[in-house]
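Scroll down for the structure; my scribbles are underneath it.
We did not get these values from a lab; they are worked out from the coordinates using the rules stated. Note that the structure is predicted; figures quoted are calculated from it, not measured. Cβ placement follows ideal geometry from the backbone for every residue including glycine, while neighbour counts extend to all protein chains displayed.
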Amino acid sequence: MIKKIKIIKKIKDKGLRWFLWRLKSEIRNPTNLYFKIIVDNMLRLRKSVKRPLQRKVSDDLLYAIFDIECSPITFNIAEFLVDAEYESRNINKNGFVVVVVPLEKEPLYKNEEYLSVVDSASKSWRFQNIVLPIISLSSSCKGIHILPRRKDVELYVRNFDIYPDIYNSKNIRRRA
């Protein structure tokens, strides 16, 4: 009951536009464990139904999707690289390629608190001076693909083995 009151108060304070943005964000990148399990299983089911219809390109590399929309542009990239290396070894690949998916040009809702601390110039600096150098330190990383548009990631999702395995550009997922 108290949680419902807090949600109603937030909607009053931040507006209906914020609520719709937050609802969309929660569906795409759930923070509630039970809701995440439900959505992830639905995505796995959807992927397993589509899988027989698709032919993956035979490749000895795993394509690790680093989506800037949901991944922090910080030293957390090291954790992502460890996960990608673990997953590539698990499925007998010879390494992985990091595929960087950019932000949307005009997001529906901007997180003002975050933007007050980390502006676009700071994000660019962090990417160039923290993320890229750390990626280059991984011995299992065989390359970096920086995509010009978000929609270009669909080519990788359709044709290659990817990490996270249930990623698509609409439902963003991190490894739990």
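Computed FRET efficiency, Cβ-Cβ of residue 124 and residue 29, R0 30 Å: what is it to the nearest 0.05?
Working: r = 23 Å, r/R0 = 0.75.
That gives a FRET efficiency of 0.85.
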Here region 66-72 yields Karplus 3J(HN,Hα) values (6.51, -1.76, 1.60; θ = phi - 60°; whole Hz; Gly and Pro given as x) of 9, 8, 5, 5, 10, 9, x
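Checking the a/c ratio against 1.5 first, then a/b against b/c, what shape does the Cα gyration tensor give for region 2-163?
On the way: a/c = 2.15, a/b = 1.38, b/c = 1.56.
Oblate is the answer for region 2-163, as a/c is 1.5 or above yet b/c matches or exceeds a/b.
Using Cβ counts within 10 Å as a stand-in for footprinting exposure, how do 65, 5 rank, fewest first? Display every interim value, and only then the final one.
Numbers: 65 26, 5 9.
Fewest-to-most Cβ neighbours within 10 Å comes out as 5, 65.
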Quick query: amide H of residue 163 versus all other amide H atoms, modeled in the peptide plane; which residues come in under 5 Å with a sequence gap of 5 or more or a different chain? 63, 64, 65
Amide H of residue 142: which non-local residues (sequence gap of 5 or more, or other chain) have their own amide H closer than 5 Å, using H built in the peptide plane? 96, 97, 98
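Please compare each pair in 24/142; 3/123; 10/36; 4/36; 4/151 to a cut-off of 28 Å on the Cα-Cα distance and tell me which ones are over it. List each step's numbers first, then the result.
Values: 24/142 34 Å; 3/123 33 Å; 10/36 22 Å; 4/36 19 Å; 4/151 36 Å.
The answer is 24/142; 3/123; 4/151.
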Got the relative contact order for region 2-163 handy, in percent, Cα pairs under 8 Å and 6 or more residues apart? 31 percent
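Is there a quick way to get the dipole size of region 2-163? I mean about its Cα centre, with the Cβ of Lys and Arg at +1 and of Asp and Glu at -1; what is the value in debye to the nearest 20? Please list the in-between numbers first.
Details: 30 positive and 19 negative charges, 204 e Å.
So the dipole magnitude of region 2-163 works out to roughly 980 debye.
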